[in-house]
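The values are calculated or read from the model by the stated rules, or taken from the named source; none is laboratory data. Note that the coordinates shown come from a computational prediction; the quantities given were computed from them, not determined experimentally. Ideal geometry is used to build each Cβ from the backbone, glycine not excepted, and the neighbour counts take in all protein chains shown.
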Amino acid sequence: MRLRPHTILAILMLSASLLAVFPPAGFAAERAMIGTPSHGLFEFPVVVALKKGFFRDEGLSADKVQMQPAIGVKALVSGDIDYLLAWGSTLRAAVTGVPLKVVAGMASRPLHVFVVRGDIKSGKDLKGKTIGVDSFAGTVDYLARVTVRHFGLDPDKDVKIIVSGESPIRLAAVRAGSIDATAIDVAFAVKAEEEGMRRLLNLSDIIDLPLSGIGITDKKLQTDREQVKKVVRATLRGTRFMKDNRAGTLALMTDYLHITPAQAGKAYDAAIGSFTDDGYISDKGVLLDMQLTKERLKIAKEIPLSQVVDWSLLREIKEAKGK
């Protein structure tokens, strides 16, 4: 029996779909090691993609490892990890000439809240206090300094900024009194308020700064473009699940972040609007971050957007989906 061309095409498409879901014995999935600076909502599209098998659907064996942002950049450059979710550190390295690119955004605005001990009533009360961050020159450090300046204080003179670890550790430090304040993921901020700490400021209210995205090396983009596209697709699918399935996302948040369902619900409602629908971050947001980085590092020369971000994969994914 001779098959018609369109029948052959349908069989081939079905076979490809089955292989993606049920790989043959001996099939070796591609390795994809993803670095993240800490636990939190900012990384949640990737967390969802891992938990729901979206990377596996793309033929990837993906793992996530936590490391400080500066170490993450070094690991990315050396090839010890393939992808890095620390937007700020990736961008800052790219601005200084390190051959890195952000190829997709996840959160276009800060998901952080500045929380303080219960006896601190206003921003002016921060003077002389100790603020905890996860690393120097990282995003949390920057957001802490933005907050201090917002209240009319000098972060280099009026407060003491120290490294205190990731979000749960910083929260415990505020509780214990070893630090007085920190900029922390909204999911943990909800828990902090229930424990008597005070929400002093929502960072998204004062600055339109991108928070998380997928960073890679220029070499990876050039030599392993198809794998990068698979990682981006899986991550975008994770974001879509978050926006379309509130109940399922709350269950994942409760388990992953070790918070109650009620806390997860409050954090979800406060944060979900900050996640991008299509992976794009506005030029305005990227340029703001670049300008702040240049000012901090005392860089005068003009730096093109193309040195920092590359949205070509997002365009290719959209075009392929349209076909």
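Values for this structure:
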| read-out | value |
| --- | --- |
| Pair list, Cβ under 7 Å, 6 or more apart: the stretch 281-300 residue in the same structural domain as Trp311 (by TED's automatic domain parsing), other residue of a type in the set (D, E, K, R) | Gly285/Asp208; Leu288/Asp208; Thr293/Arg92 |
| Residue among Ala70, Ala104, Ala75 that is in contact (Cβ under 8 Å) with a residue 60 or more places away in the chain and surrounded by fewer than 24 Cβ atoms within 10 Å (Cβ to Cβ) | Ala70 |
| Selection from the stretch 130-188 of residues that are among the basic types (Lys, Arg), farther than 26 Å from Ile259 by Cα and surrounded by fewer than 18 Cβ atoms within 10 Å (Cβ to Cβ) | Arg149, Lys157, Lys160 |
| Hits in the stretch 26-58 (condition: part of a helix (DSSP H, G or I), buried (at least 20 other Cβ atoms within 10 Å of the Cβ) and among the acidic types (Asp, Glu)) | Glu43 |
| Residue tally, condition in contact (Cβ under 8 Å) with a residue 12 or more places away in the chain and more than 16 Å from Pro210 (Cβ to Cβ), over the stretch 313-323 | 4 |
| Residue in the stretch 59-66 that is surrounded by 16 or more Cβ atoms within 10 Å (Cβ to Cβ), assigned to a helix (DSSP H, G or I), of a type outside the set (Phe, Trp, Tyr) and touching a helix residue (DSSP H, G or I) at 6+ places or on another chain (Cβ under 9 Å) present | no |
| Criterion (in a helix (DSSP H, G or I), modelled with pLDDT of 95 or more and more than 19 Å from Gly53 (Cβ to Cβ)) met by exactly one of Gln227, Gln222 | Gln222 |
| Members of the stretch 78-90 that are aliphatic (A, V, I, L, M) and either touching a Pro at 6+ places or on another chain (Cβ under 8 Å) or under 7 Å from Gly215 (Cβ atoms) (or both) | Leu84, Leu85, Ala86 |
| Qualifying residue in the stretch 308-315 (condition: of a type in the set (Phe, Trp, Tyr) and in contact with a Lys or Arg (Cβ under 7 Å, 6 or more places away or on another chain)) | no |
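Residues are listed down the side, and each one gets a yes or a no for (1) acidic (Asp, Glu); (2) in contact with a helix residue (DSSP H, G or I) (Cβ under 9 Å, 6 or more places away or on another chain); (3) modelled with pLDDT under 95; (4) within 16 Å of Gly40 (Cα to Cα):
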{"residue": "Ile120", "(1), (2), (3), (4)": "no, yes, no, no"}
{"residue": "Gly132", "(1), (2), (3), (4)": "no, yes, no, no"}
{"residue": "Lys160", "(1), (2), (3), (4)": "no, no, no, no"}
{"residue": "Leu171", "(1), (2), (3), (4)": "no, yes, yes, yes"}
{"residue": "Ser178", "(1), (2), (3), (4)": "no, yes, no, no"}
{"residue": "Val186", "(1), (2), (3), (4)": "no, yes, yes, yes"}
{"residue": "Val190", "(1), (2), (3), (4)": "no, yes, yes, yes"}
